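First the structure, in the form of structure tokens, and then the observations on it.
The values are calculated or read from the model by the stated rules, or taken from the named source; none is laboratory data. The structure presented is a predicted model; accordingly, all values stated were derived computationally and were not measured. Neighbour counts are summed over all protein chains in view; Cβ atoms, including those assigned to glycine, are modelled from backbone coordinates with ideal geometry.
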Amino acid sequence: MTKSSHNILEDKLRRAMGIDLQTVGHNSLRNAIARRMRVLGIKERRQYYELTDRSAAELNELIDEVAVNETWFFRDNTPFLVLQRYARNWLKRGRGSCLRILSVPCASGEEPYSIAIALLEAGVNGLLFKIDAIDISYRALRLARRGIYGRNSFRGRNNFFQRKYFQKTKAGYVIAKHIRHPVNFVRANILDTNLPILNNRYDIIFCRNLLIYLDKDNQKLVVSILDKLLVPEGLIFTGHAEPGAFADSVFIPAPYPKAFALTRRSATDCKPDQLSCDRQVFPPPLPVQPLWFTELDAVRDLADTGQHEEAMECCEQYIRRHGPDKEAYFLMGMILADMDEPRLAIRMLKKAVYLDPDLVKAIDMLALLYKGLGDDNNYRVFKQRAQRVTARNQSAGKGK
Ligand SMILES: C[S@@+](CC[C@H](N)C(=O)[O-])C[C@H]1O[C@@H](n2cnc3c(N)ncnc32)[C@H](O)[C@@H]1O
């Protein structure tokens with residue numbers, strides 16, 4: 001049986017991008033073709049197939065159409081916190097003259113710009129790092145170079161950086177010049193044997209949300225390319241569904257919950273199941289020089305990812321800077337409770353309640369902690385107090 005023109009085009013795309021059409025969906029290719037035919041005013045599919053045979057430019061347009069460019073600033077957040085730690089440690093060790101980072105695929109630029117912001121916030125001078133940002137899509141790279149973003153690009157819980165690094169205009173949020181400066185956008189296919197960056201070596205590689213779209217063979221190929229590009233003690237960040245693509249490779253998971261980071265097997269002398277932060281090549285969390293994440297929302301993120309010490313440190317710094325603060329004390333109480341330190345947690349929560357006698361979430365938590373300690377008397381006192389405050393808040397129409 002001879003191959004249909006459609007199958008030939010599918011093969012061509014698979015070779016050009018490495019995509020697995022089972023994953024992307026055959027319909028999405030059909031829809032992409034239909035959109036291109038509408039744009040070009042072509043009525044017959046056969047005519048379109050012939051055009052992609054003759055024209056590399058049209059094949060690129062189709063790639064743009066098929067590519068999933070979904071991205072946003074500080075996607076997943078934790079990788080950027082781990083990056084900051086790595087960078088601070090790199091600074092401390094005085095290693096090398098420049099920190100080299102690769103973002104592939106970078107889509108419309110939110111990821112490499114987030115990397116630049118995170119590094120600046122971690123205290124790395126803009127002249128001390130370089131970011132190569134690669135994507136196959138011309139369209140995505142045009143947007144990246146333009147650097148103007150809509151609300152959809154800011155989906156995180158904490159968009160504090162928006163005020164600091166963007167200018168709000170009618171066209172959207174324009175990224176600051178000094179954030180653009182260290183980012184070098186390159187249009188390339190990661191699978192290309194003549195990849196223009198193949199001789200470079202990177203300390204950190206972000207390769208997130210690409211492997212999921214590739215077939216098994218191309219996943220393997222990308223992993224081997226990343227192996228070539230990464231320095232021996234470097235770190236790779238993947239998307240949350242992607243660490244599996246590194247099974248049976250030289251990489252093993254790095255011990256950072258929710259960061260989906262990998263390091264080389266040879267970079268550590270212990271087995272994966274023995275891995276702990278203090279046996280890693282690069283050390284565990286450094287005492288936190290607060291990030292721009294001095295905002296308590298981001299401290300919550302630290303606590304949520306099990307980074308209790310740093311979260312406590314951030315709260316203390318927050319209080320040093322802003323003075324006694326009920327939310328910071330409340331957060332410290334919650335973190336200490338999580339760390340199984342109920343008595344210390346009670347002390348912090350009482351400080352929060354001292355500052356705001358109506359802070360019902362803290363009063364509730366106090367009741368719970370006393371209950372856990374078997375102190376029925378105090379449990380009842382705080383339980384009743386919580387009920388009184390809730391009733392009062394409700395009748396005054398406010399909830400805390
Ligand atoms: C979902 S985005 C990921 C962006 C970013 N890394 C993130 O996680 O938010 C996927 C990107 O992969 C790009 N892409 C697909 N195949 C590629 C290839 N073979 N080489 C380089 N980029 C590719 C697409 O153009 C698209 O912009």
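A few remarks follow.
- Helices (runs of 4 or more DSSP H) contained entirely in region 38-145, each with at least 2 residues that are hydrophobic (A, V, I, L, M, F, W, C) and in contact (Cβ under 8 Å) with a residue 60 or more places away in the chain: 78-93, 110-121
- Residues in region 326-368 that are outside any helix (DSSP H, G or I) and surrounded by fewer than 18 Cβ atoms within 10 Å (Cβ to Cβ): 339, 340, 341, 356, 357, 358.
- Checklist (1) within 26 Å of residue 23 (Cβ to Cβ); (2) outside the structural domain of residue 211 (by TED's automatic domain parsing); (3) more than 10 Å from the ligand (Cβ to nearest atom) applied to residue 71, failing item: (3)
- All positions within region 2-37 that are without any contact (Cβ under 8 Å) to a residue 12 or more places away in the chain, of a type in the set (A, V, I, L, M, F, W, C) and either outside any helix (DSSP H, G or I) or in contact with a Cys (Cβ under 7 Å, 6 or more places away or on another chain) (or both): none
- Residue count for region 88-106, restricted to those that are out of contact with any Asp or Glu (no Cβ under 6 Å at 6 or more places or on another chain) and buried (at least 24 other Cβ atoms within 10 Å of the Cβ): 2
- Residue count, region 191-223 (criterion: touching a Leu at 6+ places or on another chain (Cβ under 7 Å), within 11 Å of the ligand (Cβ to nearest atom) and part of a loop (DSSP other than H, G, I, E, B)): 1
- Test: residue in region 15-23 that is within 16 Å of the ligand (Cβ to nearest atom), among the basic types (Lys, Arg) and buried (at least 16 other Cβ atoms within 10 Å of the Cβ): no
- Within region 147-161, the set of residues being in a helix (DSSP H, G or I), touching a residue at least 24 places away in the same chain (Cβ under 8 Å) and out of contact with any helix residue (DSSP H, G or I) (no Cβ under 6 Å at 6 or more places or on another chain) comprises 152, 160.
- Yes/no for residue 191 being surrounded by fewer than 21 Cβ atoms within 10 Å (Cβ to Cβ), without any contact (Cβ under 8 Å) to a residue 40 or more places away in the chain and within 30 Å of residue 22 (Cβ to Cβ): no
- Filtered by the rule that a residue be touching a residue at least 12 places away in the same chain (Cβ under 8 Å), part of a helix (DSSP H, G or I) and away from the ligand (no atom under 15 Å from the Cβ), region 224-252 gives 227, 228, 246.
- Residues of region 291-308 satisfying the condition of being more than 18 Å from residue 155 (Cα to Cα) and at pLDDT 75 or above: 303, 308
- Out of 101, 134, 115, one residue alone is within 27 Å of residue 64 (Cβ to Cβ) and either of a type in the set (S, T, N, Q) or away from the ligand (no atom under 12 Å from the Cβ) (or both). It is 101.
Quick grid of which residues meet (1) crowded, with 19+ Cβ neighbours inside 10 Å; (2) modelled with pLDDT of 95 or more; (3) touching a Phe, Trp or Tyr at 6+ places or on another chain (Cβ under 7 Å):
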position	(1), (2), (3)
204	yes, yes, yes
216	no, no, no
219	yes, no, no
229	yes, yes, yes
247	no, no, no
289	no, no, no
